[in-house]
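The values are calculated or read from the model by the stated rules, or taken from the named source; none is laboratory data. Keep in mind that what you see is a predicted model, and the values were worked out from it rather than measured. With ideal geometry, Cβ positions are generated from the backbone for all residues, glycine too; neighbour counts draw on all protein chains shown. To get the accessible areas, we keep the full protein, side chains included, count just its heavy atoms, and leave off ligands, DNA and RNA. Shrake-Rupley method; radii C 1.70, N 1.55, O 1.52, S 1.80 Å.
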Amino acid sequence: MLQTQAPASPEQASPLIVDPTDIVTSKASVAATRAQLFERYEQGAVVTELVEDYSRRIDRMVAAAWRHFVPPASDAALVAVGGYGRGELHPHSDIDLLILVGDDGAKDLAEAIGALVIFLWDIRLEIGHSVRTVEDCRREAAADITVVTNLLEARLLDGDEGLFERMREVVGPDSIWPSHVFFAAKREEQAARRRKYGDTAYNLEPNIKENPGGLRDIQMIGWVTKRHFRTDSLHQLVDKGFLTEAEYLGLREQQALLWRIRFALHRLTDRREDRLLFDHQRVIADEFGFADQGDNLAVEQFMQQYYRAVMELNRLNEMLMQLFQEAILLHDQIGPPEPINKRFQVRSGYLEVTHPQVFERSPFSLLEIFLVLQQRPELKGVRASTIRLIREHRHRIDDDFREDMRARSLFMEILRQPTGVTSVLRRMNSYGVLAAYLPAFANIVGRMQYDLFHVYTVDEHTLQLLRNLRRFTVPEYNGEFPLCSATAQRIPKLELLYLAGLFHDIAKGRGGDHSLLGAREAWDFCQLHYLSEYDSRLVSWLVEHHLLMSMTAQRKDISDPTVVQAFAETVGDGARLDYLYLLTVADARATNPKRWNSWKNALLRDLYLATQRALERGLHNPQAQDDLIERKQREAMRLLALEGIDADACRDIWSRFGMDFFLPLTPEELAWQTGQMLQVPDEALPLVVIRPVVARGCTEVFLYARDEKNLFVRITALLDQRALNIMDARITTTDNGYAANAFQVLGHDHRPIEQGAQTDELRALLLETLRQPKTDPPTVNRRLPRQHHHFPTETRISFAEDQRNRRTMMRLTTLDRPGLLAEIGDVFEACDIRLQSAKIATVGAEVDDVFFISTQDAEPITCETALTCLRQQIHDRLEQAGQGAT
């Protein structure tokens with residue numbers, strides 16, 4: 001039996017026992033080591049010490065086993081590599097071993113090495129190992145940057161020291177991968193990794209190791225330091241002038257936070273885990289001592305701490321990579337300065353200050369530097385030494401600075417520039433200048449919103465929105481959103497639009513209505529920056545109403561002239577409409593780009609155009625429903641006449657429908673649906689037609705059949721089973737007992753479904769369902785997405801009477817789940833409720849659906865008892881369904 005003594009600690013552990021003849025005892029020793037580690041963690045031990053201590057314990061355990069299995073004086077060495085080689089071992093990290101052998105060692109020691117590896121696995125050490133000669137190491141390292149990086153961390157645990165030193169020599173920078181080639185390759189590797197993670201540190205479920213600003217970026221700094229400066233100490237970067245002492249301490253502080261999170265993840269999941277999933281965020285926030293503070297959730301506070309840490313690490317990494325590039329690739333030969341003015345000059349394409357006291361003597365240069373960047377788009381960026389000076393002098397942006405006319409003029413000039421607005425605002429945020437100049441912005445830096453709808457932190461979302469606004473003004477992107485690009489050409493003052501974007505979410509996390517609070521902030525800012533009262537009111541109004549257009553489009557029936565009229569009256573004039581439309585589209589796309597789709601685009605476009613017509617007609621002259629329907633019918637009959645369809649036939653079939661059939665349809669859609677119904681005799685029903693509707697950005701599933709019980713339930717269940725997203729449903733029942741139902745759908749990728757085999761199969765399944773009305777609805781067997789379990793959503797149901805259209809509007813907010821629409825439809829059937837139409841909106845894990853319903857006699861549901869019963873049945877059904885959707 002072999003014993004190794006662990007390093008001393010405040011909680012002195014018992015000796016580690018490694019007995020290759022007793023797997024059970026050795027396995028228990030490994031488990032006890034981890035248990036002691038977790039116990040010390042729970043008692044508040046510093047994770048940095050735990051990680052390093054655990055590595056030393058494993059060193060002794062593995063080395064003891066090596067000495068047992070491998071004969072003394074063998075031509076071999078046991079080497080720790082990778083993270084284990086750095087002495088950084090988290091509880092479930094891989095224990096990467098290199099077994100270095102002489103030229104004949106692999107054959108002579110094969111049995112001993114095999115027994116060693118099996119033993120280490122048997123006692124539950126998660127090892128990764130390779131057996132190589134010195135020449136193997138040289139050859140593989142020369143061919144692969146990841147291999148040489150792994151060997152860069154090599155640390156001898158036991159065995160032949162001479163063999164180990166020969167290996168280090170042949171893979172060193174004097175033999176292969178000289179430091180300038182190594183650095184260039186690692187920079188490209190880093191860029192590829194960042195692209196994989198979307199070039200943002202602000203992912204909802206970040207990988208704390210691989211994401212930009214994560215542990216891998218810290219390791220990158222360490223690798224370059226070892227390869228070029230040939231030292232294991234990051235503090236040497238301070239001695240060599242690459243870091244200040246404060247920056248070094250900041251780097252270690254942020255690394256300690258990431259290590260603490262990673263340690264907590266390993267402990268929580270009992271496995272190697274680097275993803276900070278929703279499953280774990282709340283638990284770790286509680287473990288770290290965060291507590292809810294009103295609307296400011298503990299998990300949001302914890303994630304804000306994380307995001308701010310990786311943002312700081314990202315900035316440090318960017319600065320160091322630039323300094324390394326100058327030292328390693330350019331050999332500090334960066335060319336002579338090209339003066340711009342007394343304060344700034346250009347050197348090798350990078351902007352820098354003319355002397356280190358620039359910001360001390362001229363504090364307003366802290367804003368001027370960004371204006372210079374905009375005015376000289378050929379510049380590659382800001383030199384790292386100047387970035388450091390900006391960071392060191394941010395404190396000069398105080399109340400006196402902000403109240404000075406020169407600072408205010410510079411900031412507004414930045415927003416008025418024809419190019420570079422987005423890029424310099426990003427730089428200002430990265431360097432901390434934006435938060436210094438706009439103190440309210442500091443509160444949203446790194447602030448997440450704990451839901452699946454907002455995929456960025458609030459500051460990143462704001463910058464994405466501004467990017468989207470800028471793209472509307474760039475001719476190169478006119479094809480992306482033609483109407484937005486055309487509208488942007490009419491905007492007289494783009495800086496007002498950018499200010500509205502900058503302030504629209506600035507009050508999030510404070511409690512209260514962020515739109516109202518933000519509007520006040522925007523008004524104060526505009527007045528302080530000498531904007532006219534008209535311009536100030538416009539920006540403030542846009543911030544206050546920035547959600548109005550999207551809420552109207554997604555939650556109301558915008559085919560109803562009264563809805564459009566009410567929206568137009570709130571907007572007031574065409575200029576506001578243009579600003580609001582652009583702000584709304586940019587905002588929606590920046591909230592969750594993957595959730596943006598052609599259907600939302602069409603909804604907002606249709607509302608914009610309808611409101612534009614209402615404003616042109618005059619708010620005092622609203623359009624009547626009857627006139628609107630008559631115009632649609634006349635145009636539809638004209639189109640149908642071109643196909644040889646008689647007007648009397650049109651009037652005959654239309655006479656069976658109520659007004660709710662005509663309102664949502666364009667004349668072209670009315671003509672198409674009418675033509676489909678007229679061309680199929682009753683005996684040939686049911687009719688199912690699936691077609692792309694480019695104007696609405698979706699696929700339309702149109703059904704015409706005899707009305708049957710549970711028709712809506714069976715159709716929606718089938719569509720849901722096929723993983724189709726129903727965006728809108730129009731349910732019409734004729735006076736003679738037929739149903740004309742139109743569903744606007746998107747595929748699981750939020751795109752219209754392609755015509756072909758997929759639509760042919762769907763049509764066949766729908767026809768089969770319609771021809772067998774007695775069969776039960778198909779079972780929706782899709783599972784609830786993992787992330788949805790972490791966002792408990794209270795089911796809320798409200799009713800409002802739409803007396804003009806003789807119907808009741810029911811709004812349902814609940815957790816999104818498979819089969820939801822079918823469940824709701826089944827309740828309507830059970831309660832003898834007629835469903836006229838439905839507008840479907842999914843916000844992250846939450847649905848916010850609106851159903852227009854009536855009695856079977858097409859009357860609003862006014863009986864409070866009936867509404868209470870309906871509300872209770874929906875609650876009961878969803879609670880029951882939710883238990884099976886896990």
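Checked across the range 149-168, the condition of being touching a Gly at 6+ places or on another chain (Cβ under 9 Å), more than 23 Å from residue 327 (Cα to Cα) and of a type in the set (Phe, Trp, Tyr) holds for no residue. Report yes if residue 150 is outside any loop (DSSP other than H, G, I, E, B) and among the polar types (S, T, N, Q), otherwise no. When the stated conditions are applied, residue 150 passes them.
So, of the residues in the range 601-617 that are among the charged types (D, E, K, R) and under 32 Å from the mean Cα position of the chain (by Cα), which turns out to be farthest from residue 487 (Cα to Cα)? Looking at the filtered set, the residue picked out is 606. Kindly indicate whether any position in the range 700-707 is open to solvent by less than 40 Å² (accessible area, probe 1.4 Å) and assigned to a helix (DSSP H, G or I). Taking every residue of the range 700-707 in turn, none turns out to be open to solvent by less than 40 Å² (accessible area, probe 1.4 Å) and assigned to a helix (DSSP H, G or I). Among the residues making up the range 527-572, a single one is free of Cβ contacts under 8 Å to residues at least 60 places away in the same chain, among the aromatic types (Phe, Trp, Tyr) and open to solvent by 40 Å² or more (accessible area, probe 1.4 Å): 534.
If you check 505, 459 for being open to solvent by less than 20 Å² (accessible area, probe 1.4 Å), without any contact (Cβ under 8 Å) to a residue 40 or more places away in the chain and either assigned to a helix (DSSP H, G or I) or not small (Gly, Ala, Ser) (or both), only one passes: 459.
For the range 726-750, taking the residues that are more than 25 Å from residue 807 (Cβ to Cβ) and not small (Gly, Ala, Ser), the one that is least open to solvent (accessible area, probe 1.4 Å) is identified as 746. If only residues of the range 385-397 that are in a helix (DSSP H, G or I) and of a type in the set (A, V, I, L, M, F, W, C) are counted, the one that is farthest from residue 469 (Cα to Cα) is 389. Please work out if residue 196 is open to solvent by 30 Å² or more (accessible area, probe 1.4 Å) and either under 24 Å from residue 95 (Cβ atoms) or under 23 Å from the mean Cα position of the chain (by Cα) (or both). Yes; evaluated as a whole, the condition is true for this residue. For the range 513-526, which positions are of a type outside the set (Phe, Trp, Tyr) and either in contact (Cβ under 8 Å) with a residue 24 or more places away in the chain or open to solvent by less than 70 Å² (accessible area, probe 1.4 Å) (or both)? 514, 515, 516, 517, 518, 519, 521, 522, 526 - these are the residues of the range 513-526 that are of a type outside the set (Phe, Trp, Tyr) and either in contact (Cβ under 8 Å) with a residue 24 or more places away in the chain or open to solvent by less than 70 Å² (accessible area, probe 1.4 Å) (or both). Out of all the residues in the range 486-499, is one or more part of a helix (DSSP H, G or I) and among the β-branched types (Val, Ile, Thr)? Yes; the residues of the range 486-499 include at least one that is part of a helix (DSSP H, G or I) and among the β-branched types (Val, Ile, Thr). Looking across 446, 512, 501, 479, one residue alone is at pLDDT 95 or above and not basic (Lys, Arg). It is 501. If I ask for residues that are under 19 Å from residue 421 (Cβ atoms), open to solvent by less than 60 Å² (accessible area, probe 1.4 Å) and basic (Lys, Arg), which ones from the range 337-380 would you list? None; the set is empty.
State whether the residues of the range 85-97 include one that is open to solvent by 60 Å² or more (accessible area, probe 1.4 Å) and over 26 Å from residue 185 (Cα atoms). No, that holds for no residue. No other residue among 227, 267 is under 18 Å from residue 326 (Cβ atoms), part of a helix (DSSP H, G or I) and in contact with a Phe, Trp or Tyr (Cβ under 6 Å, 6 or more places away or on another chain) apart from 227. Scanning the range 35-75 for residues that are over 16 Å from residue 123 (Cβ atoms), touching an Asp or Glu at 6+ places or on another chain (Cβ under 7 Å) and among the basic types (Lys, Arg) gives a single hit, 40. Among the residues making up the range 751-774, those that are surrounded by fewer than 17 Cβ atoms within 10 Å (Cβ to Cβ) and either part of a strand (DSSP E or B) or in contact (Cβ under 8 Å) with a residue 60 or more places away in the chain (or both) are 751, 755, 763, 767, 771, 773. Residues of the range 626-660 that are in contact (Cβ under 8 Å) with a residue 60 or more places away in the chain, within 22 Å of residue 738 (Cβ to Cβ) and of a type in the set (A, V, I, L, M, F, W, C): 657, 659. Against the test of being open to solvent by 30 Å² or more (accessible area, probe 1.4 Å) and in contact with a helix residue (DSSP H, G or I) (Cβ under 7 Å, 6 or more places away or on another chain), the options 247, 210 yield a single qualifying residue, 210. Restricted to the range 573-600, and to residues that are surrounded by fewer than 17 Cβ atoms within 10 Å (Cβ to Cβ) and closer than 25 Å to residue 812 by Cβ, which residue is farthest from the chain's Cα centre (by Cα)? Here the answer is 596.
Matching residues to (1) over 43 Å from the mean Cα position of the chain (by Cα); (2) open to solvent by less than 40 Å² (accessible area, probe 1.4 Å):
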position	(1), (2)
128	no, yes
133	yes, yes
140	no, no
143	no, no
149	no, yes
158	yes, yes
168	no, no
173	no, yes
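Considering the range 805-854, and only residues there that are closer than 18 Å to residue 663 by Cα and in contact with a helix residue (DSSP H, G or I) (Cβ under 6 Å, 6 or more places away or on another chain), the residue that is surrounded by the fewest Cβ atoms within 10 Å (Cβ to Cβ) turns out to be 850. Residues in the range 168-215 that are more than 25 Å from residue 272 (Cα to Cα), in contact (Cβ under 8 Å) with a residue 40 or more places away in the chain and in contact with a Leu (Cβ under 6 Å, 6 or more places away or on another chain): 1 in all.
Residue check: residue 327 meets all listed conditions (1) over 30 Å from residue 44 (Cα atoms); (2) at pLDDT 95 or above; (3) in a helix (DSSP H, G or I) but one, namely (2). Screening 553, 568 for residues that are among the small types (Gly, Ala, Ser), modelled with pLDDT under 95, in a helix (DSSP H, G or I) and closer than 21 Å to residue 613 by Cα leaves exactly one candidate, 553. On the stretch given as the range 290-302, residues that are free of Cβ contacts under 8 Å to residues at least 12 places away in the same chain and open to solvent by 60 Å² or more (accessible area, probe 1.4 Å) total 2. Pairs meeting the criteria (first residue in the range 228-248 and more than 20 Å from residue 173 (Cβ to Cβ), second residue at pLDDT 90 or above and surrounded by fewer than 13 Cβ atoms within 10 Å (Cβ to Cβ), beta carbons under 7 Å, at least 6 apart or on different chains) are 238/245.
The helices (runs of 4 or more DSSP H) found entirely in the range 605-663 that carry 1 or more residues being within 30 Å of residue 551 (Cα to Cα) are 625-641, 659-662.
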